[in-house]
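K.L.:
Handing you this structure, nothing more for now.
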Amino acid sequence: MVPGHFGARITGVGHYVPDHVMRNADFEKMFETSDDWIVSRTGMRERRYAEPHQAASDLATIAAQHALERAGLHGRDIDCFIVATVTPDYQFPATACIVAANLGAVGRAAFDLEIACSGFIYALSTAASFIRAGIFARVMVIGAEKLSGITNMTDRGTAILFGDGAGAVIVERTELDSDSFLACELGSDGSNPDMLCVKAGGSRNPITPELIDTHKNKMFMSGREIFKYAVNKMVETSKNVIATAGLTTDDISWVIPHQANRRIIEAAAKRLDVDREKVVINIEKYGNTSSATIPIALSEMIEKDAMKAGDLILFTGFGGGLSWGSIAWRWSA
Ligand code: COA
């Protein structure tokens, strides 16, 4: 990664999760499962579901307002809005355009980025690159998902895993010598898209009543295969970005991983040889909120005042595509 003219830093972080709590016991009434099984296999105890009237832009707007308040900024101070989501309000227009309008920022650049659970990693890399190149001075990066809307509630293997929520960060221009964006590595493998996908509703399989009847408009996942891939790719890209930044895993202050499964996170942390206390896990409260997991976890860390200037953060994620990525980020207060 070659430095540009400017550096990028995060100046505001916010999040929002809906009020409705969906507990493991609620699934026991829907199909054969148990709280014990879900906790031991995934680490999840509960997740949040949005209300029927709430769309991804509604969750995103509240998270972004939270980030703006923390940064002491208004929506019109932002030059570009990027929303990472697989559950946009509409096929088009982009959810980001709606969020910008909601925040009083009509006229600003706005676009969505769709790369499933790797969405935040890709979007933060994009935002930081825009800033380093001098194109924008402030970019709002939001991960926002209403996954309850695309969850197959008859499939016990996936229904338990996903929740709704949004997280937002404001990435801002800074001097080159205080650049936070140390290194990133992004990757994909689309040779088997069916491993984790919503099969119907795109140009490949336009929606039909039959496809709806067979839940093809909902998420499908080969969980076991993805598990191994996730651990391998998170470890590989994490090692690479730390090395590219000229650091070692001993220098890591915090790992903020995508929250897909506690066992995935713990296996990756073990292989990276990072102390458990440095690994941020909140999966028990929110489950997998796809592109929102990392910014929600970061926002909770800010709330706890856990982040100190100079801390080295490793963001790492994995998701549909398949896709993956990691970022080494130096926190500046
Ligand atoms: N309750 C009880 N039993 C369940 C269950 C549930 N909710 N879901 C699946 N099972 C059963 C399966 O039917 C299977 O039964 P069988 O052996 O009789 O066929 C058994 O549990 C084991 O299934 P398996 O899929 O091997 O379990 P697992 O330990 O791999 O855990 C996942 C399943 C989905 C939790 C795990 O594979 C996973 O998290 N994978 C990663 C998926 C992911 O995070 N994807 C998103 C990436 S962003």
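The values are calculated or read from the model by the stated rules, or taken from the named source; none is laboratory data. All values derive from a computational prediction rather than experimental measurement. Counting neighbours? That spans all protein chains shown, and the Cβs are built from the backbone with ideal geometry, glycine included. What goes into the accessible areas is simple: the full protein's heavy atoms, side chains included, and nothing from ligands, DNA or RNA. Shrake-Rupley method; radii C 1.70, N 1.55, O 1.52, S 1.80 Å.
K.L.:
Where the only charges are on Cβ atoms (+1 Lys, Arg; -1 Asp, Glu), what is the dipole of the stretch 7-178 about its Cα centre, to the nearest 20 debye?
P.N.:
Its charge dipole is roughly 340 debye.
K.L.:
Summing -39500 (n - 2.57) over the DSSP H runs of n ≥ 4 in the chain and dividing by its residue number, what mean residue ellipticity at 222 nm do you reach, to the nearest 500 deg cm²/dmol?
P.N.:
It comes out at -9500 deg cm²/dmol, rounded to the nearest 500.
K.L.:
For the stretch 102-185, what log10 I(q)/I(0) values come out of the Debye formula at q = 0.14, 0.19 1/Å, with one point per alpha carbon and no solvent?
P.N.:
-0.61, -0.92
K.L.:
Hey, another quick one. Show me, for the stretch 245-261, the HN-Hα J-couplings you get by feeding each phi into the Karplus relation (A = 6.51, B = -1.76, C = 1.60, θ = phi - 60°), rounded to Hz, glycine and proline as x.
P.N.:
3J(HN,Hα) across the stretch 245-261, in whole Hz: 6, x, 10, 10, 5, 5, 7, 5, 8, 9, 9, 10, x, 4, 9, 9, 6.
K.L.:
Name the helices (complete DSSP H segments) of the chain with a Cα length along the long axis of 24 Å or more and a Kyte-Doolittle mean of at least -0.5, or state none.
P.N.:
Result, helices passing both filters: 223-244.
K.L.:
Here is a further query. Of Leu68, Thr151, Met30, which is farthest towards the positive pole of the stretch 7-178's charge dipole, taken about the Cα centre with +1 and -1 on the beta-carbons of Lys, Arg and Asp, Glu respectively?
P.N.:
Leu68
K.L.:
Antiparallel as a % of all DSSP beta bridges within the stretch 181-330, to the nearest 5?
P.N.:
In the stretch 181-330, DSSP labels about 80 percent of beta bridges as antiparallel.
K.L.:
Here's something else I'd like to know. Based on the alpha-carbon set only, what is the convex hull volume of the chain divided per residue, in Å³?
P.N.:
Per-residue hull volume (Cα only) is 128 Å³.
K.L.:
Where does the stretch 181-330 land on Rg(C-alpha)/(2.2 N^0.38 Å)?
P.N.:
1.15
K.L.:
Rounded to the nearest 5, what % of the DSSP beta bridges within the stretch 51-189 are antiparallel ones?
P.N.:
That works out to approximately 45 percent antiparallel.
K.L.:
Now for a different question. For Cα pairs less than 8 Å apart in space and 6+ apart in sequence, what is the mean separation divided by the residue count of the stretch 181-330, i.e. the relative contact order in percent?
P.N.:
37
K.L.:
Here's a follow-up. If you take the charge dipole of the chain about its Cα centre, with +1 on Lys and Arg Cβ and -1 on Asp and Glu Cβ, which of Thr85, Ala230, Val141 is farthest toward its positive end?
P.N.:
Ala230
K.L.:
For Ile98, what accessible area in Å² do you get when you roll a 1.4 Å probe over the heavy atoms of the protein chains, rounding to the nearest 10?
P.N.:
Answer for Ile98: close to 40 Å² accessible.
K.L.:
Count charges around Phe136 for me, please; just the other residues with Cβ under 11 Å from its Cβ, Lys/Arg as +1, Asp/Glu as -1.
P.N.:
With Lys, Arg at +1 and Asp, Glu at -1, the neighbours total +2.
K.L.:
Express the relative contact order of the chain as a whole percentage, based on alpha carbon pairs under 8 Å and six or more residues apart in sequence.
P.N.:
25
K.L.:
Follow-up question, since we're still on this one. Rounding to the nearest 20 debye, state how big the charge dipole of the chain is about its Cα centre with +1 on each Lys and Arg Cβ and -1 on each Asp and Glu Cβ.
P.N.:
Computed about the Cα centre, the dipole is about 300 debye.
K.L.:
Let me ask something else. Out of the DSSP beta bridges found with both residues in the chain, what percent are antiparallel (nearest 5)?
P.N.:
Among the beta bridges of the chain, antiparallel pairing accounts for roughly 70 percent.
K.L.:
Then there's this: Name the lysines eligible as straight-distance cross-link partners of Lys308: C-alpha to C-alpha under 23 Å, and not fewer than 8 places from it in the same chain.
P.N.:
Here the lysines satisfying the reach criterion relative to Lys308 are Lys239, Lys278.
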